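Chemist: My questions will all concern the structure given below.
The values are calculated or read from the model by the stated rules, or taken from the named source; none is laboratory data. These figures come from a predicted structure and were not determined experimentally. Cβ placement follows ideal geometry from the backbone for every residue including glycine, while neighbour counts extend to all protein chains displayed.
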Amino acid sequence: MTAESTDVSRDRSDEARLRARFTAAVTARWPGASLEGLRRLPGGVSSLTYAAMLAVPGGPPGPAVVKMAPPGLAPVRNRDVLRQARVLRALGTERDVPVPSVLFEDDGDPPLFAMDLVPGDSYEPLLDVSADPPGADVVDRRARTAARVLARMQSLGPGSLGMADEPVVTVKEELDRWALLLDTVDDDVCPGHRELYAALADRIPRPLPPVLVHGDYRLANMLFQGDALNAVIDWEIWSVGDPRTDLAWLLMHTDPVHRFEETRDGANLAAGRGMPGRDELLAEYARVRPVPADRLDWFLAYCHYKTASTLSVFVKRNRRRPDPDARLVTAAASLAAVVRRGRSILERADRG
């Protein structure tokens, strides 16, 4: 038997075991149900994602997404899929913060859970390229909706969501988390990052009362049909922490420095022009909840540092590939500018 045929055989065996686990979880939840059309979805760094059809006697549930922790790795931090299920369940009773519904959980090895497949498309107006991008007016309404939904989410106390036992992640802990990632890359990948870290660490703001933090709150992590928000998705790094982290992350994406595409066509450029500015999004947020504006510039600078950190790790891995991803090559060229933007935000704030 050749090495290639051995790999194929192993893949089929793994798929058969996965299918058996998924089927057992489905039938435990709905006797007589069946799992159809299981297929692996592309992407996913922290977990394995599959799409399937759940045929349940008497109906629904229908199309579903199954997320499973990577086999052989401890299901902790962003790989803790059951923790993701927990936040979805907590928010599932809140109509103002739409999320996918959890269908079942399985705490076996590795753990997994299933949620309903929410219809809609995700699109980051100033970064993505789509064959059929939304119009500028739709982008405008989507972004305003996102700001209001964030305010509604942050109006919910962790205790009301059953998360009073969650440790509060401090701003300094978050800052150091991204610093640890940057320490794993060569200095030439992201020049100037140590100086930006030092400037941020020297200006740590006083904390605000903690709220639920998504960790990557932006339009690309939402599913829309037209301008109707169907779900906020991708909760891999949620925590309880400072409300300004999510707000600044959304605001940063009104004028991102990093890039993934060398060029974007006219339709995508037009879509991007629909993105409201920061003041407009802050005004939308303020319609629901007072804006936590104190030291918001520090958090904007921090978001550029976080961007530099996460992209640097992807760039590092991309350098090792025999066929580098062109989008990450483009992203690598923008990292120095990301760091410079972070520094300039802090310098302007210092000048008042």
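Chemist: List, please: which pairs have Cβ atoms under 9 Å, are six or more places apart or on different chains, and start with a residue in segment 162-173 that is under 22 Å from K306 (Cβ atoms) and end with one that is small (G, A, S) and part of a helix (DSSP H, G or I)?
Modeler: Pairs found: K172/A201.
Chemist: Please enumerate the residues belonging to segment 341-352 that are at negative phi and either of a type in the set (A, V, I, L, M, F, W, C) or over 24 Å from the mean Cα position of the chain (by Cα) (or both).
Modeler: Of the residues in segment 341-352, the ones at negative phi are 341-351.
Within segment 341-352, R343, S344, I345, L346, E347, R348, A349, D350, R351 qualify.
Chemist: Quick one: L54 ticks every box in (1) under 30 Å from T310 (Cα atoms); (2) touching a helix residue (DSSP H, G or I) at 6+ places or on another chain (Cβ under 7 Å); (3) not β-branched (V, I, T) bar one, so which box is it?
Modeler: L54 satisfies every listed condition except (1).
Chemist: So, one more: Which count do you get for residues in segment 88-147 that are hydroxyl-bearing (S, T, Y) and buried (at least 20 other Cβ atoms within 10 Å of the Cβ)?
Modeler: So the count comes out to 1.
Chemist: I would also like to ask the following. For residues that are in contact with a Ser or Thr (Cβ under 8 Å, 6 or more places away or on another chain) and of a type in the set (A, V, I, L, M), scanning just segment 76-113, find the one that is nearest to L35 (Cα to Cα).
Modeler: Of everything passing the filter in segment 76-113, V81 is nearest to L35 (Cα to Cα).
Chemist: Another question about this same structure. Consider E94 against the criteria (1) in a helix (DSSP H, G or I); (2) not assigned by TED's automatic domain parsing to the domain that holds G274: it satisfies all of them except one. Which criterion is unmet?
Modeler: For E94, the exception is condition (1).
Chemist: For segment 102-136, which positions are touching a Gly at 6+ places or on another chain (Cβ under 6 Å) and either modelled with pLDDT under 95 or within 15 Å of D227 (Cα to Cα) (or both)?
Modeler: Hits for segment 102-136 are P125, A136.
Chemist: Considering each of D80, D14 in turn, give the residue that is at pLDDT 90 or above and under 14 Å from P110 (Cα atoms).
Modeler: D80
Chemist: From D132, D116, which residue is among the acidic types (D, E) and closer than 22 Å to R327 by Cα?
Modeler: D132
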